[in-house]
1. What number comes out for accessible area per residue over the chain if the probe is 1.4 Å? Units Å², please.
2. Can you give me the relative contact order of the range 10-79 as a percent, contacts being Cα pairs under 8 Å and 6 or more apart?
3. Please compute the Cα-Cα pair-distance distribution of the range 72-129 with 5 Å bins starting at 0, giving whole percents from short to long.
4. ³J(HN,Hα) across the range 13-30 via Karplus (A = 6.51, B = -1.76, C = 1.60, θ = phi - 60°), whole Hz, x for Gly/Pro?
5. Rounded to the nearest percent, how much of the accessible area of the chain (1.4 Å probe, protein heavy atoms only) is carbon and sulfur?
6. Please give me, ordered by residue number, the chymotrypsin sites (Phe, Trp or Tyr not before Pro) of the range 23-129 that lie in loop per DSSP and have at most 13 other Cβ atoms within 10 Å.
7. Report the semi-axes of the equivalent ellipsoid for the chain in whole Å, largest first, where each axis is √(5λ) for an eigenvalue λ of the Cα gyration tensor.
8. Among Ser23, Ser72, Ser46, which one shows the highest mean-square fluctuation when the chain is modelled as a Gaussian network with alpha-carbon springs under 10 Å?
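The values are calculated or read from the model by the stated rules, or taken from the named source; none is laboratory data. Values in this document were obtained by computation on a predicted structure and should not be read as measured data. No Cβ is skipped: glycine too gets one built from the backbone with ideal geometry, and neighbour counts run over all protein chains shown. Surface accessibility is based on the protein's heavy atoms, side chains included, excluding ligands, DNA and RNA. Shrake-Rupley method; radii C 1.70, N 1.55, O 1.52, S 1.80 Å.
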Amino acid sequence: MRAVHNFTTSTGNVFKLALYDNSASFTAATTAYTVTNEVANSGTYSAGGGTLTNVTPTSTGTTAFTDFADLSFTTATITAFGALIYNDTASGDPTVCVLDFGGAKTSTSGTFTIVFPTADASNAIIRIA
């Protein structure tokens with residue numbers, strides 16, 4: 001995971017998760033959402049991805065963290081190799097982080113679910129120590 005932008009929830013920003021195929025190539029230069037190599041619309045998945053529901057930011061010791069509720073796309077035929085979390089409210093849709101699934105993740109006319117890790121100081125998807 002690579003954080004490239006300030007993460008804030010206090011301003012009511014909307015964060016989204018978009019899914020990408022095996023042709024997507026994300027690097028340190030990936031600073032914003034792109035439709036290039038995004039998976040095709042299917043079921044409830046459409047261009048731009050899905051809106052994330054934030055889990056209240058908190059801290060333990062010297063680590064602050066936040067997380068999101070799991071996100072599902074139903075009746076979808078999707079093969080994704082990774083995802084991009086981005087700020088849909090900010091100008092230019094800046095990247096928050098890039099996720100590499102480590103291989104193909106697939107649903108066939110079913111539910112494609114992104115399961116976020118436990119929201120704690122050791123596992124949350126976004127942690128600042």
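1. Numbers: 6610 Å² over 129 residues.
So the chain comes to 51 Å² accessible per residue, rounded to a whole number.
2. Working: 88 pairs, mean separation 22.6, N = 70.
This gives 32 percent for the range 10-79.
3. Histogram of Cα-Cα distances, whole percents per bin: 4, 16, 17, 21, 21, 15, 5, 1, 0.
4. Ordered by residue, 3J(HN,Hα) equals 5, 9, 10, 10, 10, 10, 9, 10, 8, 6, 8, 5, 9, 9, 9, 4, 7, 7 Hz.
5. Working: 3260 of 6610 Å².
Reported share for carbon and sulfur atoms: 49 percent.
6. Numbers: sites: Phe26, Tyr33, Tyr45, Phe65, Phe68, Phe73, Phe81, Tyr86, Phe101, Phe112; in loops: Phe26, Tyr33.
Qualifying residues, ordered by number: none.
7. Values: eigenvalues 114, 53, 39 Å².
Those come to 24, 16, 14 Å.
8. Ser23
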